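Trainee: Got a structure for you, questions after.
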Amino acid sequence: MKKQFTQLLGCFTVFVLAFSLVGFQEVNAQQMISGTVVDEAGIPIPGANVLVEGTSTGSVSDFDGNFTISTSPTDVLIISYVGYVTQKVSVGNQTNIKIALAEDAAQLDEVVVVGYGTQKRSDITGAISSVSPKDFAEQPIAIASDALQGRSPGVQVSNSSGAPGSVAVVRIRGANSITNNSSPLYVIDGVLGASFTALNPADIQSIEILKDASASGLYGARGSNGVIIVTTKRGKSDTPVIEFNSLLTTQYLPNSIGKLSAAQHAEIVNSSSGTTEFSPAEIEAFRTNGGTDWEDEIYREGSDALLQNHNLSISGRSEKIDYYISGNKVNNLGILENSNYEREAVRANINFEASDKLRMGFYINYSDELAKNIGNTSSLFNPTAAAILYSPTVPAYGDDGRPTHTGRFSGIATSPTAIAFGRNDNIYTDNTTFNFNLNWDIVENVSYTFTGARRIQHSSNRFFKDDLADLQAPQAFVNENEFQQYQHTHIVEYKNTFNEDHRLSLKGVFEETWAESFSSRATGTGLTNLDRSYFNLALADTYTISSGESESGIRSYVARVEYAFKDKYLLTSTVRQDQSSKFQNKFSNATFPSVAIGWRVSEESFLSDSNVINNLKLRASWGETGNEGVGAYSSFPSLVTGIGSIVDGSTIIFGVGPGGLTNNDLKWETTAQLDLGFDIGFFNNRFTASFDYYKKNTTDVLLTVTPPTYIGGITELLNAGEIENKGFEAMLEGTIIDNEDFQWDAAFNFSTNKATAISLGKDEFIFPAGGNFSGSNGIGTKIEVGGEIGNILGYISDGVWGTDETAEASVFGAVPGDSKYRDVSGPSGVPDGAITSDDITTIGNGAPDFIWGFNNTVSYKNFTLNLFVQSMVGHDILNINRALTNGTGGDSSRTSIDQLNAWTTDNQNTTIPALTSTYQQQPEDSRYVEDGTFIRLKNISLAYNLPKSILESTFIDSVRLSLSGQNLLTITDYEGYDPEVNAGGGSNVFLGYDTGVYPNPKSVTFGLNVKF
Amino acid sequence: MKKYLLIIVMLTFAFSCTTLEEEPKGLLTPSTYYKTQTDLDAGVSAIYRPYMEFFLNAQGSIPTLAGDDVTTRLGSNKGDYREFDQFQYTAGNGWLQEHGWNHLFRTIFYANAVISNYTNAPEGLEREQAVAQAFFLRGWAYFQLVRTFGPVPLVTTDVASGEEPRSPESDVYDQVIKDLDFATENLPDIWPGEPGRPTVWAAKFMLAKVYLTTAGWPLKNTANYAKAAGLAKDVIDNSGHDLMPVFRDLWLVANDNNVESVLAVQADNGGDWGLSNRMPLSIGAPDDSPGNGWDDYFAEIAFFNEFPEGPRKDDTFRTSFAGGSLAWEETIQGNPYYSKLTGYSLPQNWQNSLNPYVLRFADVLLMYAEAQNKADGNPNGDAYDALNKVRRRAAGVTDNSVDLTGLNSDEFHKAVIAEAGWEFAGEWHRWYNLVRNEMVAEATGKRITDDRELPLIGASAGSPESAFQKFYYAPIPLNEMLLRPDWDQNPCCN
């Protein structure tokens, strides 16, 4: 199939070239014209949209209101800007047009990218949020996902790990699935499934977030998680603009966790084990000399943890060509020793007009990333967790100068230094995207747009761990993965207005995407020469090798109608049909319809004269979208290869065994979503607000079900069950103060989401696979019909049995000083006087009740102050580190400061059991569930623009200096490092587990921006 | 213009792939596998993996910590061991689930794939020998499960619903016997160069062990003593296996797969961590040197004190540590440690390649002695010979100076059980011998009750046998019970 595709792509290219030559002869000559957009007072309007009618050719006015655009004399320009009446101007013979826009309370005619085209803001019937670079301009951002955090309602962005280069978990209106990836679809310049990490945030022109079904329905089987559409920059200015931007950030560990000193720990160990593990002399020595501060050993701060982000771009446009070329270099050393992230990225966006009816663009983006030691944060065997668990009585380095590798009283054997310095897990990724697009006005009112794209991603995971990094033999591997993705999209659009009152747009899309990957891996174990790392895998006792491939494709047809009657009554309807190769059966075809209506109440006569309300639009939409995010070949039964065993005493032979259970009837998850909302604007949109209520029901939810282990310890993927997400979103924006020298802009957003399991197929409850966060017997989560998603399971503890409760305690086989677990239930469903697995119940929920963000930008003359607050409220976190450091669980230690408050006959008013208690204790215990609510000063920055007067005599256009701090203040009761992290990472169901995840650092950034 | 439009329309359709069917290029699918002898052999190789992992990690011992030969320490991460040592079992015992349950059921899972599909491969001796290994390993796994957990779900094909009930012990044993019957009929006398595979003698040995077990608690099918004796005698007389003359030589890496080894797991300390023997470090003393271990389990003091003196005792226990500077009473734990299982030195790099014994010839001697005595009501000369053969080596003598003679049936039985306890101390045997003979109270009654040993919690050293009966079976692991709330938990933990 791929071969056929390549051939066709070749044919198409020839066709395009031939066509463009013909095109030059046939069509009218294009010419560049320039113009200025001003308001009624003659003050330039920067950022106004200038569009050639019936095309997607557009320009944006610069700071001085100037624009240039390629037109032909018959063209009509549409000039629009928020809060002003849209104007149409015939080009005629003019080469320099001055347009004065009249303020219009009732108009909101910004053009918004909606997927496969654009729409006027005022015509939009769906729930679409926009994030523009000016929203995050004051915040230093190295990873594009950070630009989204706290910016729009319904978009939850969590930095579940603070590791450098780690991508935040992005959820639009909650997760629809249990096992499936619930990340939104990223579309960058029309390319579906583009890499968001590889994107240089400085290249972003606009971000649109499609939230409801009428908006995301355009993307059918890939739309149910919402769609994030990124448009990258184009050259706008007639004179080339060179922009240099540099950010230097120093980073710090957010806080320190209360741990025992070495002497205290030694005493606790003696008391808890009932033996003299440490002699009085040893304890005295610890008291005098101190012990090991593991945080100091593995974290670095300040300029040792420097994050550099440099960016250089050149952009501009001449008569028929516009260009934007940028280069970006990021180097983030991270606060954890031996971890870092680097990125180099270049981009060239070049558009040209072949004729007045034919426009083409070539976009090339290349990036090269290295992520070192940023993974492995969800288990206990990572330096962050180890630094909390490890005994301060153990020296960081042995007599031989090498990291300690067997610590006593530490729960786990491998020390923080041994893990941090003994592993080099390097992931090299390079990513190249070629994107060709063509836009042709075939006849009046009919246009054709083509996008052809190919993305090539090569990643190489080069891994080495020495003899101390864990308990196993030193090992190295190289894992190479070649990924390619193709896409071709054809859009035919018809637009017309009938009888003045009827505006109609019809759109048909045909699209195919194809992805293939090939991977190979070689592992050497029992390395004989550690210095050679992964550079010479042959220096090993044994090798294992493997390879694999996958291919998958989707073919899609889309039809869309947009209709407006008298600009008051709006209708949008979309039908998309997708066919996926991943489903081997009758379900491989699916159709996703959606419909939306809007009523612009403010256009009605009773409101059109209002001086207060200038815009009011009611919106309602319903539609279905899908999620086909299962792996290729998921419906094929397959065998596991490479199962090693030995029968002759030394030679490993590789066996083949059955794999997981397979399911031929796999199909898409389908999400039906209802959205009701309204937008309102006051005082010429000086204050605006949007409110949305939504309800999403996802059926045929894919579940990775863990059957009882006795059938082989395997899992099964099924379509079963239904998940409901519903929530409320609000966005308030306004310019609170608006003087010549002093301006205060504020934006507040708020959202709730509640996910509930409506059905789980034939089961009343399921235990999703995974979730052993506290060790091999971790309890994880349980999803019950009618229950919320994100529950944390465990035992409820009601403190500690006191000496006056000896009799009651003995019922449970406990003695005073033991944990008092609540007898919730028994085998027959009622309390049975015994603490057993029947007493495991919900002890918390890791999903927030609501999230909010509040962004303030205050400008005074040349100074700009930004305060950005971001918050999650009402989520619980199981602080597994605290549980384990209080002696619970298989891998426990007693390093927590809580141990000093352990129960004794003299200290009975405590929740910490007696040191000698051996009574059953699971880390999943309500006493270690904490409120994760936090309010975080995500960014505070002060920027200063050098006065123009100073720069006038130089070649420099502008200089901007800024000083900012990120995460400097976090208000929370949570006792771990960071209430934002989650060991469950991107999981939809494992929420609120902290096992020593890489904390999000505090940081201070100095920024310099120069334009020439 | 129309022609361009036409071209675009054509182009659009021309692009369309003719098919979206998947063609996995790298996957092996069950429907096309198990068709050749090579396929079958690879299928059999997989079964050995979980079987090996069961034996190569000290955590496989966990249910046997209830026996009087082993104990563990307070504190540290030994809770999962301690629960059994102190008779305070909980279903949440993670290592029990991982090592005592999951590895065994995975063995069965892999074995079932071979057993259900082997008839697709060409007929012949090789095929029967291949599948006979699968039957042997499945039989072994179910035997291990049924004597640890009692009723367990019985899955004998490659299709399982996940809704199987816990089959009663008698059904599980019937299946074990059927599997081992197939193995005895089809396994070869010897696997040249591959001592890790079971021979016909290993199968008969295992079957004898199963019969002996079914003759005791809970089935008490005493007719099976005779079957056990017959099979054991066959192995003693005809297998070519024999005792190693010197007890210490059994535990040297150089003597892996010696004449006494009827079946041993083939550990290697090369590349694959899961296939190396990680026991030595686990059961070492933390204050030893060179090398310091993790205290997973060590010897109970009363058991050690009663252990008869001689080379076997000297070479079973480590009683002096850190180059002789510490006596066992002076270590932090104050117990002797098991030196034999470490190969007499703690490995510096976490693991060694000492092959753990699955079936050791000394066992078949003692099994014969026990079974014959029970079957016939009196020990015969062969039974005395078998018992005394083990005793002589233990004492390091070749004459009859340590021989037992003239015992009545009960005395003889007790002598055999005691001998097996010493001979296989720390080798995960003792607990099962105590349970099937309902001797837990007697053994536990000797436990030291002062602070030199962990205190007992669920029962005490003076409790009658009836107080220990609820501890005969380990709890069904927690995660399994959560998925199967319809199952009844074992008496220990319900």
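Trainee: Express in whole angstrom the spacing between the alpha-carbon centres of the range A:740-788 and the range A:982-1012.
Mentor: A separation of 19 Å, based on Cα centres.
Trainee: Mean separation of Cα pairs under 8 Å and 6+ residues apart, divided by the residue count of chain A: what relative contact order is that in percent?
Mentor: On the way: 2963 pairs, mean separation 116.7, N = 1012.
About 12 percent, as a whole number.
Trainee: Would you mind computing, in nm to one decimal, how far apart the modelled labels at A:N529 and A:A102 are, each placed 7 Å from Cα along Cα→Cβ?
Mentor: So the two model labels end up 8.3 nm from each other.
Trainee: Now a separate question. If one takes the longest principal axis of the Cα atoms in chain B, at what angle in degrees, from 0 to 90 and to the nearest 10, does the Cα axis of helix B:409-423 lie?
Mentor: Helix B:409-423 sits roughly 60 degrees off the main axis of chain B.
Trainee: Another question, if that's okay. Can you work out the Karplus-derived ³J(HN,Hα) for every residue in the range B:388-403? Use 6.51 cos²θ - 1.76 cosθ + 1.60 with θ = phi - 60°, whole Hz, and x for glycine or proline.
Mentor: Ordered by residue, 3J(HN,Hα) equals 5, 4, 5, 5, 5, 4, 4, 8, x, 10, 10, 8, 8, 4, 10, 5 Hz.
Trainee: Using only Cα atoms, find the angle between the long axis of helix A:2-26 and the longest principal axis of chain A, and express it within 0 to 90 degrees, rounded to the nearest 10.
Mentor: 30
Trainee: Now for a separate question. PRE reach from A:F63 (point 7 Å along Cα→Cβ): which of the range A:979-1012 fall under 16 Å by backbone N?
Mentor: What the label zone holds, given the 16 Å backbone N cut-off, is A:1008-1012.
Trainee: Now for a separate question. Of A:L570, A:T55, A:F278, which is farthest on the positive side of the dipole of chain A, counting Cα position, with +1 on Lys and Arg Cβ, -1 on Asp and Glu Cβ, and the Cα centre as origin?
Mentor: Toward the positive end, the furthest listed residue is A:T55.
Trainee: Could you tell me the distance between the Cα centroids of the range A:644-661 and the range B:25-40, to the nearest Å?
Mentor: Between the Cα centres of the range A:644-661 and the range B:25-40 lies a distance of 15 Å.
Trainee: What is the range A:432-493's relative contact order, in percent, from Cα pairs under 8 angstrom and six or more apart in sequence? Working shown, then result.
Mentor: Working: 113 pairs, mean separation 22.9, N = 62.
Averaging sequence separation for qualifying contacts and normalising by length gives 37 percent for the range A:432-493.
Trainee: Efficiency by 1/(1 + (r/R0)^6): what FRET value for A:L963 and A:R402, r their Cβ-Cβ distance, R0 = 51 Å, to the nearest 0.05?
Mentor: Values: r = 42 Å, r/R0 = 0.81.
Here the calculated transfer efficiency is 0.75.
Trainee: So, in Å, what gap is there between the alpha-carbon centers of the range A:852-898 and the range A:445-520?
Mentor: 34
Trainee: By the gyration tensor of its Cα atoms, with a ≥ b ≥ c the square roots of the eigenvalues, what is the shape of the range B:403-483: rounded for a/c under 1.5, prolate for a/b over b/c, or oblate? Could you put the intermediate results ahead of the total?
Mentor: Numbers: a/c = 2.10, a/b = 1.59, b/c = 1.32.
In terms of gyration-tensor shape, prolate.
Trainee: Rank B:N292, B:T319, B:S345 by how far each Cα sits towards the positive end of the charge dipole of the range B:279-350 (+1 on Lys, Arg Cβ; -1 on Asp, Glu Cβ) and give me just the farthest.
Mentor: Result: B:S345.
Trainee: OK, next. Using 1/(1 + (r/R0)^6) with R0 = 45 angstrom and r between the beta carbons of A:I971 and B:T36, what's the FRET efficiency to the nearest 0.05?
Mentor: On the way: r = 67 Å, r/R0 = 1.49.
E between A:I971 and B:T36, to the nearest 0.05, is 0.10.
Trainee: At B:S161 and A:Y569, where each label point lies 7 Å from the Cα along Cα→Cβ, what is the point-to-point distance in nanometres?
Mentor: 5.8
Trainee: Using 0.36 nm per residue, how much length does the chain from A:E284 to A:I314 gain when fully extended, once their Cα-Cα distance is taken away?
Mentor: Working: separation 30, 0.36 × 30 = 10.80 nm, distance 6.57 nm.
Gain on stretching A:E284 to A:I314: 4.2 nm.
Trainee: By how many degrees, between 0 and 90 and to the nearest 10, does the Cα long axis of helix A:262-273 differ from the longest principal axis of chain A?
Mentor: Between helix and principal axis, roughly 60 degrees.
Trainee: What does the structure give for B:267-279 when I average, per residue, the other chain Cβ atoms found within 10 Å of the residue Cβ?
Mentor: 6
Trainee: What's the ranking of A:527-536, A:53-62, A:1003-1012, B:103-112 by average number of surrounding C-beta atoms within 10 Å, highest first?
Mentor: Numbers: A:527-536: 15.3, A:53-62: 19.7, A:1003-1012: 17.1, B:103-112: 26.8.
Descending mean neighbour count gives B:103-112, A:53-62, A:1003-1012, A:527-536.
Trainee: Sequence-distant or interchain residues sharing an amide H contact under 5 Å with A:V640, placed H: which?
Mentor: The list, which skips near neighbours in sequence, is A:G657, A:G659.
Trainee: How long, wide and thick is chain A, going by the Cα atoms along their three principal axes, in whole angstroms, largest first?
Mentor: 98, 63, 61
Trainee: Between A:V443 and A:S246, what FRET efficiency follows from the Cβ-Cβ distance if R0 is 56 Å, with the result rounded to 0.05?
Mentor: 0.65
Trainee: Within the set A:K507/A:K568; A:K120/A:K617; B:K220/B:K414; B:K204/B:K446; A:K329/A:K1011, which residue pairs have Cα atoms separated by over 23 Å?
Mentor: Values: A:K507/A:K568 21 Å; A:K120/A:K617 14 Å; B:K220/B:K414 18 Å; B:K204/B:K446 35 Å; A:K329/A:K1011 18 Å.
Going by Cα-Cα distance, B:K204/B:K446 fall outside the 23 Å limit.
Trainee: Classify the range B:90-162: rounded, prolate or oblate, from the alpha-carbon gyration tensor (a ≥ b ≥ c, eigenvalue square roots; a/c under 1.5 rounded; otherwise prolate if a/b is larger than b/c)?
Mentor: On the way: a/c = 2.90, a/b = 2.29, b/c = 1.26.
It comes out prolate by the Cα gyration axes.
Trainee: Quote to one decimal, in nm, the extra length available between B:A467 and B:K446 on full extension: 0.36 nm per residue of separation minus the C-alpha distance between them.
Mentor: On the way: separation 21, 0.36 × 21 = 7.56 nm, distance 1.55 nm.
Between B:A467 and B:K446, full extension yields 6.0 nm more.
Trainee: Quick check: net charge around A:N424, other residues with Cβ under 13 Å of its Cβ, Lys/Arg +1 and Asp/Glu -1? The partial results should precede the final answer.
Mentor: On the way: positive: A:K372, A:R423, A:R462, A:K465, A:R532; negative: A:E337, A:D425, A:D466, A:D531.
After counting each charged neighbour, the total is +1.
Trainee: If the chain between A:F498 and A:A538 were fully stretched, how many nm would it gain, using 0.36 nm times the residue separation less the Cα-Cα distance?
Mentor: Working: separation 40, 0.36 × 40 = 14.40 nm, distance 7.46 nm.
Gain in length upon complete extension: 6.9 nm.
Trainee: In Å, what is the Rg of the alpha-carbon atoms in the range B:311-374, and how long is Dmax?
Mentor: Every Cα atom of the range B:311-374 included, Rg and Dmax give 16.0, 47 Å.
Trainee: Continuing with this model, one more query. By per-residue mean of other Cβ atoms within 10 Å, what is the highest-first order of A:538-548, A:123-133? Can you show the working numbers first?
Mentor: Details: A:538-548: 15.5, A:123-133: 22.2.
Highest mean packing first, the order is A:123-133, A:538-548.
Trainee: Say the dipole of the range A:440-532 comes from +1 at the beta carbon of Lys and Arg and -1 at that of Asp and Glu; which of A:S505, A:T451, A:A476 then lies farthest toward its positive end?
Mentor: The residue sitting most towards the positive pole is A:A476.
Trainee: If you count, for every residue in A:630-638, the Cβ atoms of partner chains within 10 Å of its Cβ, what is the mean? Walk me through the numbers on the way to the answer.
Mentor: Details: counts 0, 0, 2, 7, 1, 1, 6, 6, 7.
Per residue, the average neighbour count from other chains is 3.
Trainee: Calculate for chain B the 222 nm mean residue ellipticity that helices alone would give, adding -39,500 (n - 2.57) per DSSP H run of length 4 or more and normalising by residue count, nearest 500 deg cm²/dmol. Mind showing how you got there, number by number?
Mentor: Working: 18 runs with 213 residues, N = 494.
Helices in chain B give a 222 nm mean residue ellipticity of -13500 deg cm²/dmol.
Trainee: Given points 7 Å out from each Cα along the Cα-Cβ axis, report the B:V397 to A:I758 separation in nanometres with one decimal.
Mentor: 8.3
Trainee: Show me the ranking of peptides A:242-251, B:295-304, A:599-608, A:349-358 by mean Cβ neighbours inside 10 Å, starting with the highest. Write down the numbers at each step before the final one.
Mentor: Details: A:242-251: 18.5, B:295-304: 24.3, A:599-608: 15.7, A:349-358: 21.2.
By packing density, highest mean first, the sequence is B:295-304, A:349-358, A:242-251, A:599-608.
Trainee: In deg cm²/dmol and to the nearest 500, what is the mean residue ellipticity at 222 nm of chain A if only DSSP H runs of at least 4 residues count, each as -39500 (n - 2.57), divided by the residue total? Working shown, then result.
Mentor: Numbers: 12 runs with 93 residues, N = 1012.
Value at 222 nm, helices only: -2500 deg cm²/dmol.
Trainee: Within the range B:89-121, which residues have the backbone N less than 20 Å from the label spot 7 Å out from A:V640 along Cα→beta-carbon, could you tell me?
Mentor: B:94-118
Trainee: Follow-up question, since we're still on this one. Note down the magnitude of the dipole of the protein assembly as shown about its Cα centre, charges +1 on Lys and Arg C-beta and -1 on Asp and Glu C-beta and zero elsewhere, to the nearest 20 debye.
Mentor: Details: 108 positive and 180 negative charges, 712 e Å.
It comes to approximately 3420 debye.
Trainee: Specify whether the C-alpha gyration tensor of the range B:263-372 places it in the rounded, prolate or oblate class, a ≥ b ≥ c being the square roots of the eigenvalues: rounded for a/c under 1.5, otherwise prolate if a/b is larger than b/c and oblate if not.
Mentor: Working: a/c = 2.47, a/b = 1.09, b/c = 2.26.
It is oblate, given that a/c is not under 1.5 and a/b is not larger than b/c.
Rule-based calculations on the coordinates, nothing more; no lab input. If you're wondering where the values come from, they're calculated on a predicted model, not measured in any experiment. Glycine also receives a Cβ, built like all others from the backbone with ideal geometry; neighbour counts cover every protein chain displayed.
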